[in-house]
Amino acid sequence: MTEKKYGFTTAILHSDRQKPIEHGSLHKPIHTSVAFGYRDARELAAVFQGKQAGYRYGRQGNPTVSALEDKITKMEDGYASICFATGMAAIGALAQGLLREGDHVVSSSFLFGNTNSLWQTVQGQGCAVSFVDATEVADVEAAITPATRIVFVETIANPRTQIADLKRIGALCRARGIVYVVDNTMTSPYLFQPKAVGASIVINALTKSIGGHGNALGGCLTDTGIFDWSRFPNIYDTYKRFPTVQWGVAQIRAKSLRDFGASLAPEAAHALAIGAETIALRLERECANALALAQMLQADPRVAAVHYPGLRSHPQHGIASELFRAYGSLFSFELKDGIDCFDYLNRLKLAIPSSNLGDTRTLVIPVAHTIFYEMGPERRAGMGIAESLIRVSVGIEDTSDLLEDFRQALDS
Ligand SMILES: *Cc1c(COP(=O)(O)O)cnc(C)c1O
């Protein structure tokens, strides 16, 4: 049976009911059971052998988590999704499930700090990683070798908001038969579906905009169904018993989720699923607030630079306008010399110094002194991170209150 294609929010709200749901419950219930029992032992064996759908053990799958996976698959217009305990676990699953010794990864150098650190670890484990300027497709192409298995980019890089040349990199990966992974956390599937530019795999840190309330950690990896896994040399024979389109998710679910065990808790899956219902409403407000704040700060002589894709001065404003529904809820800015960024942050009355993103509350952080501190000044400079850079994750507060807060902190 093919499901009717509903709009983005309708599809999320009515997703659980597309499958039988216990007692007509309107939310998929939280199933806390670790194990699942069968009356017929042959049925248990069939589930283990992948011949029948069903649950075996909570580390590998859980009904509440599956309901969330179905929702993310719909949001990304994908083929199948696997949830993890955190966004980092979903990214780590790429290395665990798809790479072998001697393989090569091409990654954008404009990256979430922990992803950067993860690729350093992978380098120490027998794979090579090349960091490139992903705003230039030529840089990506020049780095590709016969051993390249994955090209990894973020949509809008956190915190400097560089935007990868998403479409051209997609065409390049498709021509070369390379798995194209797009971390969609900063845009979320409401603003952008990476499948549209040929992504093979989409990563979402559910902790951020999808959960949206800073009350649960989670991550998700979605296979868009585009990649031809018969071209991928690292698939173990045991997963080739499934149709080709399933090879990637089958191997990642076993090798990454089952073997490393960073499974999403059902309680967290429930919290994230409730958050997901309002992502469109929240992002409309957050993106409008972010644009208003970025424009106000850019016009202020005490501000040295504002980085936001919604500003005409942003180098990839054109790409963002073409590909994204709006410009995102994150921007960063630098104060002029002589204004101490800590003093500025301490004068804010609403915005909270905190390291999360995509919360309903506006959060601010001095990047070089916190999340990018471990990197040291040289690598920060290479990534365009000024020592005074302040990152702002814009919430759903009333616009006038936010504008007033950021203005009064400059005035004092
Ligand atoms: C936060 C984030 C992650 C990691 O997500 P966690 O749930 O914190 O592990 C990955 N990528 C990007 C772009 C992020 O912002």
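What to note about this one:
- Pairs where the first residue, in the stretch 97-120, is open to solvent by 40 Å² or more (accessible area, probe 1.4 Å) and the second is away from the ligand (no atom under 15 Å from the Cβ) and assigned to a strand (DSSP E or B), C-beta under 8 Å, 6+ apart: Gln120/Val129
- Leading residue by the ranking (nearest to Thr278 (Cα to Cα)) among those in the stretch 175-212 that are of a type in the set (Phe, Trp, Tyr) and away from the ligand (no atom under 14 Å from the Cβ): Tyr190
- One residue from Leu221, Leu111, Leu191, Leu206 being over 11 Å from the mean Cα position of the chain (by Cα) and under 20 Å from Ala89 (Cβ atoms): Leu111
- Just one of the listed residues (Thr155, Thr161, Thr135, Thr148) is open to solvent by less than 50 Å² (accessible area, probe 1.4 Å), in contact with a Gly (Cβ under 8 Å, 6 or more places away or on another chain) and at pLDDT 95 or above, and it is Thr161.
- Exactly one residue among Phe112, Phe131 is within 12 Å of the ligand (Cβ to nearest atom) and of a type in the set (Phe, Trp, Tyr), and that residue is Phe112.
- Of the residues making up the stretch 211-235, those that are buried (at least 20 other Cβ atoms within 10 Å of the Cβ) and of a type in the set (Ser, Thr, Tyr) are Thr222, Thr224.
- Taken as a whole, the structure leaves Leu172 outside the set of residues that are within 16 Å of the ligand (Cβ to nearest atom) and either farther than 25 Å from Arg59 by Cβ or among the aromatic types (Phe, Trp, Tyr) (or both).
- Enumeration of residues in the stretch 391-412 that are of a type outside the set (Phe, Trp, Tyr), surrounded by 15 or more Cβ atoms within 10 Å (Cβ to Cβ) and part of a helix (DSSP H, G or I): Thr399, Leu402, Leu403, Asp405, Ala409, Leu410
The values are calculated or read from the model by the stated rules, or taken from the named source; none is laboratory data. Values in this document were obtained by computation on a predicted structure and should not be read as measured data. FYI the Cβ positions are ideal-geometry reconstructions off the backbone, even for glycines, and counts take in every protein chain you see. Only protein heavy atoms, including side chains, enter the accessible area calculation; ligands, DNA and RNA are left aside. Shrake-Rupley method; radii C 1.70, N 1.55, O 1.52, S 1.80 Å.
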